[in-house]
Amino acid sequence: MRIAVIGTGYVGLVAGTCFAESGNDVTCVDVDENKIRRLKEGEVPIYEPGLEELLRRNVHDGRLSFTTSYADAIPGAQVVFIAVGTPPGEDGSADLKYVLSAARSIAEHMTGFTVVADKSTVPVGTAAKVAEVIRSHTRHEFDVVSNPEFLKEGAAIDDFMKPDRVVIGATNPRAFEVMDELYGPFVRTGKPIIHMDPASAELTKYAANAMLATRISFMNEIANICNRVGAKVDLVRQGIGTDERIGSRFLFSGVGYGGSCFPKDVQAVVKTAEQHGYEFRILKAVEDVNERQKKVLFEQVVSHFGPDLSAKRFAVWGLAFKPNTDDMREAPAVVVINALLGAGATVCACDPEAIEEARKHHLGDRIDYVEKPMDALDGADGLILVTEWNEFRRPDFEAVKKKLRTPVVFDGRNIYSRKTLEGLGFTYFGIGV
Ligand SMILES: NC(=O)c1ccc[n+]([C@@H]2O[C@H](COP(=O)([O-])OP(=O)(O)OC[C@H]3O[C@@H](n4cnc5c(N)ncnc54)[C@H](O)[C@@H]3O)[C@@H](O)[C@H]2O)c1
């Protein structure tokens, strides 16, 4: 099939590459000239495990190409995916300007019947808005489909190639047919393609992220109670996670969720509900709990060292909002580091992939950066673990102790053992352990 993908971010690039990998002829379009230039040179502008190799192979085999020109990509494409960003507007609702601008450009370049599939996460009613924009800029036939994406950054290729389900929201049987054919190769193991109306598909995506965010905030509250009553959140997690009605995933307590999806999608659902005269109380609480949770590590630092940190220096391990990505959008590390700097401390941070992103867009030269985790400890008064990259999991704690000025570890992801660390003479802070 001939396909175009609009937007070459985490979603568009992965979707385009995976569709090419399954034999389609894919052209990816982006308005960012720099991104397209790098992609044409075989350089992947984001860090996503496995993507670079897959992308290069498909470019080499002639199934995948990149352009800034809609005129190169849209004529003759049977399916066009919209995968542009939907950042929060000032009031928290999703800003649709990129989606609607892409819709208009698609319409202006269509040369025949086209299925336009919205992969961006968008509020209920967007498919209808996209259809309206397209209708007013073309005379060709088209169907607008809602096809939300559920991939996780850090495991995006695997998630896309082997989805738990594919959700298609459409009104016309011919659109379902085209989409079923396209996704056939990805659901050979019997995972379902679920057909529904566009509004339900749009809400499904928000409901999925809102549910996952709720689990995280819920477990963070349980952890905060554990700290106060002397219980251990890891044991509680195992105790409830083995209940099949609950399941074991997304039950880890920590420093709060971040990333490009949960924070904005939770806000967008609250806003959509509000616009329809409904107060979504659970999700407001989920958001409040998360904002508070991002401050827990800093509060622990203050409880140990006092509020004036002006003579203190901290090693921070982990900047990305989660391991295996360089994405720092809404990353808890930014909140922790800003609070430390605000209290007068200096910071030396290490992250396997996100240093460039941190320096360019989030923290600038206000902190020091090092490539090797152990180098961050030189002259530091304490170690703060924010993101649980594998390389941070098993450090030589004897060596860590020698480097630190005072042996104290703030473990924002509960990856170290309190018993082991206390046995070695460290003061240990965890989240409910
Ligand atoms: N990142 C994720 O893990 C994830 C997962 C599922 C769904 N989503 C959703 O998918 C959408 C895209 O997310 P992302 O993280 O890939 O975004 P991103 O910000 O990484 O990439 C978006 C890209 O779209 C490009 N763009 C903007 N306007 C354009 C236009 N008119 N024409 C062509 N290109 C244009 C931008 O230059 C950018 O490269 C969002 O709605 C997001 O909520 C994201």
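When we screen Val286, Val335, Val316 for residues that are closer than 30 Å to Lys205 by Cα, open to solvent by less than 30 Å² (accessible area, probe 1.4 Å), more than 16 Å from the ligand (Cβ to nearest atom) and at pLDDT 95 or above, the only hit is Val286.
Counting only helices (runs of 4 or more DSSP H) that sit completely within the stretch 193-280, those holding 1 or more residues that are touching a Pro at 6+ places or on another chain (Cβ under 6 Å) and among the basic types (Lys, Arg) correspond to 198-229, 262-275.
Restricting to the stretch 123-150, count the residues that are among the aliphatic types (A, V, I, L, M), open to solvent by 30 Å² or more (accessible area, probe 1.4 Å) and either within 16 Å of Ala15 (Cα to Cα) or within 26 Å of the chain's Cα centre (by Cα) (or both). Number of matching residues: 1.
Here is a yes/no grid of residues against (1) open to solvent by less than 40 Å² (accessible area, probe 1.4 Å); (2) outside any loop (DSSP other than H, G, I, E, B); (3) within 9 Å of the ligand (Cβ to nearest atom):
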position: Asp72; (1), (2), (3): no, yes, no
position: Ala77; (1), (2), (3): yes, no, no
position: Val80; (1), (2), (3): yes, yes, no
position: Thr86; (1), (2), (3): yes, no, yes
position: Asp91; (1), (2), (3): no, no, no
position: Val99; (1), (2), (3): yes, yes, yes
position: Ala102; (1), (2), (3): yes, yes, yes
position: Ser105; (1), (2), (3): yes, yes, yes
position: Glu108; (1), (2), (3): no, yes, no
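A search for C-beta distances below 6 Å between a residue of the stretch 227-246 that is within 23 Å of Gln293 (Cα to Cα) and any residue that is open to solvent by 50 Å² or more (accessible area, probe 1.4 Å) and of a type in the set (S, T, N, Q), counting only pairs 6+ apart in sequence or on different chains, returns Gly241/Ser248. Look at (1) out of contact with any helix residue (DSSP H, G or I) (no Cβ under 8 Å at 6 or more places or on another chain); (2) open to solvent by less than 20 Å² (accessible area, probe 1.4 Å) and you find that Asn324 fails only one, number (2). Of the residues making up the stretch 99-115, at least one is within 30 Å of Phe262 (Cβ to Cβ) and of a type in the set (S, T, N, Q). Note on the stretch 389-399: residues that are farther than 16 Å from Ala349 by Cβ and surrounded by 15 or more Cβ atoms within 10 Å (Cβ to Cβ) total 1.
Taking the criterion of being part of a helix (DSSP H, G or I), under 27 Å from Gly259 (Cα atoms) and among the small types (Gly, Ala, Ser), the only residue of the stretch 153-192 that qualifies is Ala156.
Filtered by the rule that a residue be more than 12 Å from the ligand (Cβ to nearest atom) and open to solvent by 20 Å² or more (accessible area, probe 1.4 Å), the stretch 158-169 gives Asp158, Met161, Lys162, Asp164, Arg165.
When you check Val266 against the structure, is it over 17 Å from the mean Cα position of the chain (by Cα), of a type in the set (A, V, I, L, M, F, W, C) and open to solvent by less than 10 Å² (accessible area, probe 1.4 Å), yes or no? So Val266 does not fit the description; no. Residues that are of a type in the set (A, V, I, L, M) and in a loop (DSSP other than H, G, I, E, B) within the stretch 290-331 comprise Leu309, Ala311, Leu319, Ala320, Met328, Ala331, listed in sequence order.
The values are calculated or read from the model by the stated rules, or taken from the named source; none is laboratory data. Owing to the predicted nature of the structure, the values given are computational and were not obtained by experimental measurement. In this analysis, Cβ positions are derived from the backbone assuming ideal geometry, glycine residues included, and neighbour counts consider all displayed protein chains. Accessible surface areas use protein heavy atoms only, side chains included; no ligands, DNA or RNA. Shrake-Rupley method; radii C 1.70, N 1.55, O 1.52, S 1.80 Å.
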